[in-house]
Amino acid sequence: MNSGVFDIFVEYMNIIFLVFSTVLFSMFSIMGYLSARNSIHYRNKNSFGDLSKVMASPLAPSITIIAPAFNEGMTIVENVRSLLSLKYVNYEVMVVNDGSKDDTLEKLIGAFHLEKIEYAMDPNWKSKPVRGIYKSNQKSFSKLTVIDKENGGKSDALNTGVYLSENRYVGCIDVDCLLQPDALLHVVKSFSQRSQKRVIAVGGVIRVANSCTISGGTLEEINLPKNWLAKFQLLEYTRSFLLGRMAWGRIDSLLIISGAFGFFDREIALAVGGYDTNTVGEDMEIVFRMRRYMHDEDIPYTIEYIPDPLCWTEVPESLKVLVKQRDRWSRGNLETLKKHKDMFFNPKYGRLGMLSYPYWFFYEWMSPILEFLGFFSIILFYILGILNWEFFLAITLAIYTFSVMFSFYAILWDVYSYNQYSKTKDILILMFCAIVEPFFFHPIVVWSAIKGNYKKLFKIQSGWGAMTRKGFSKAT
């Protein structure tokens, strides 16, 4: 390659990175504006009218909380007690014991006085065989149903619960998540407030519970995580849930609902065949399929998003576990995008095909790959002596400054809207995390994404991976 051609190649590379960065700046600025508008709209909409009395009525819409459990013997009893204490009348807690090898089932039977009952299940329904269904012989635990089945993974367990539920709505959560007592009031209110469109799903913000104090399944005290990896994830979750997903919800283009806290119209979930058991990104994939189904059937619909802090979960504090988690997320992202590739810039799907899908393709899937390749390109250009230092430093400083300011905006907006971390010290620590995140935490996320994409593209077998948890702090 002669020098003239090489110079043209370098110029084109500079243009590509400049355009990519400019579009990224613009999109994230718009997302910040839309999320603020949506948050204000949500608060104003819910500032008048108290539906708690209506939702406490036996005539309120019925809902089933489905919680898959695999080897959760250490915490299962306390977690189920927490789910049984929610402020709602017409709901059921369905724990699906997905072939646990520990004493999960035995502890549930002993703690809640469970007895096996007769049941009928379609043998053609796609899930691993059910070994038994249990109900309590005590009235105080009448809302609890426990399903014991062969191991098939989280998606398979959720499908079993969706099929066996008889309620109008189903909530798919992680069994070790902590729900606020009034969580179902907010969820069912979101399902019920629309008249022109059918609400097919409701998602919400996931908060970080590491180092928080829990007593009797209730959040007693909110604390900033002590572990630094958890601190960075708290900042990341604040940006992602409070700004990113709120913005997509504002324009009704949300393509993912977290598997830790997602509620669905059961009829539509069954119509699309439930969760896909051949992907590790089942929470994202089912939203794609439900949206496509409603578009294809030409039924007016929407997906609601709740910014209230209703669900708390523990995030990884180990680097090894974190990388496995993000590796899995990347594989799930690629699997879903590949499966629904015909939506890419397809006007048939409106904003989903023309805006949401391209965003996920370019900035959720491709962005880590470009960053990774860009790093080695810079090294190569430096070795060859052709690195444009002025351009490189200018665009790097611009990207860094923008990312820090966007994180500051997320932190301050969280303080303004929900004030979960009111101590000045906590806010300053989060701001410090925002300043150093691009150098320490973000490279881990990029490497994890590269690892996940490599596994998927080269068909290296890899499943969910274990999510080791320390457990919540207990009040004394």
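The values are calculated or read from the model by the stated rules, or taken from the named source; none is laboratory data. All figures in this text were calculated on a predicted structure; none of them were measured in a lab. Here the Cβ positions follow ideal geometry from the backbone for every residue, glycine too, while neighbour counts run over all protein chains shown.
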Inter-residue pairs, beta-carbon under 8 Å, first of a type in the set (K, R) and in the range 407-425, second outside any helix (DSSP H, G or I) and crowded, with 18+ Cβ neighbours inside 10 Å, 6+ apart: K423/L224
Subset of the range 292-307 [within 16 Å of R245 (Cβ to Cβ) and out of contact with any helix residue (DSSP H, G or I) (no Cβ under 6 Å at 6 or more places or on another chain)]: T302, I303
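Condition check: in contact (Cβ under 8 Å) with a residue 12 or more places away in the chain, of a type outside the set (S, T, Y) and in contact with a Phe, Trp or Tyr (Cβ under 8 Å, 6 or more places away or on another chain). Does D122 satisfy that?
Values: in contact (Cβ under 8 Å) with a residue 12 or more places away in the chain: yes; of a type outside the set (S, T, Y): yes; in contact with a Phe, Trp or Tyr (Cβ under 8 Å, 6 or more places away or on another chain): yes.
For D122, the condition - in contact (Cβ under 8 Å) with a residue 12 or more places away in the chain, of a type outside the set (S, T, Y) and in contact with a Phe, Trp or Tyr (Cβ under 8 Å, 6 or more places away or on another chain) - is met.
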Only one of D308, D276 that is touching a Lys or Arg at 6+ places or on another chain (Cβ under 9 Å), among the charged types (D, E, K, R) and surrounded by fewer than 23 Cβ atoms within 10 Å (Cβ to Cβ): D276
Matching residues in the range 66-89 - criterion: being under 21 Å from D283 (Cβ atoms) and either outside the structural domain of T160 (by TED's automatic domain parsing) or in a helix (DSSP H, G or I) (or both): N79, L83
Counted residues, the range 300-343 - those being touching a His at 6+ places or on another chain (Cβ under 8 Å) and closer than 19 Å to D176 by Cβ: 1
Close pairs (9 angstrom Cβ cut-off, 6 or more residues apart or separate chains): in the same structural domain as F241 (by TED's automatic domain parsing) in the range 16-33, among the hydrophobic types (A, V, I, L, M, F, W, C) and surrounded by 13 or more Cβ atoms within 10 Å (Cβ to Cβ) anywhere: none
Condition check for Y357: over 20 Å from the mean Cα position of the chain (by Cα) and surrounded by 14 or more Cβ atoms within 10 Å (Cβ to Cβ): no
Per-region count, the range 126-146, residues touching a helix residue (DSSP H, G or I) at 6+ places or on another chain (Cβ under 6 Å) and of a type in the set (V, I, T): 1
Residue match in the range 90-105 (condition: assigned by TED's automatic domain parsing to the domain that holds Y169, more than 24 Å from S57 (Cβ to Cβ) and assigned to a helix (DSSP H, G or I)): yes
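The rows are residues; the columns are (1) within 17 Å of Y88 (Cβ to Cβ); (2) assigned by TED's automatic domain parsing to the domain that holds I222; (3) surrounded by fewer than 22 Cβ atoms within 10 Å (Cβ to Cβ).
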| site | (1), (2), (3) |
| --- | --- |
| S140 | yes, yes, yes |
| S165 | yes, yes, no |
| V188 | yes, yes, no |
| S192 | yes, yes, yes |
| S195 | no, yes, yes |
| G203 | no, yes, no |
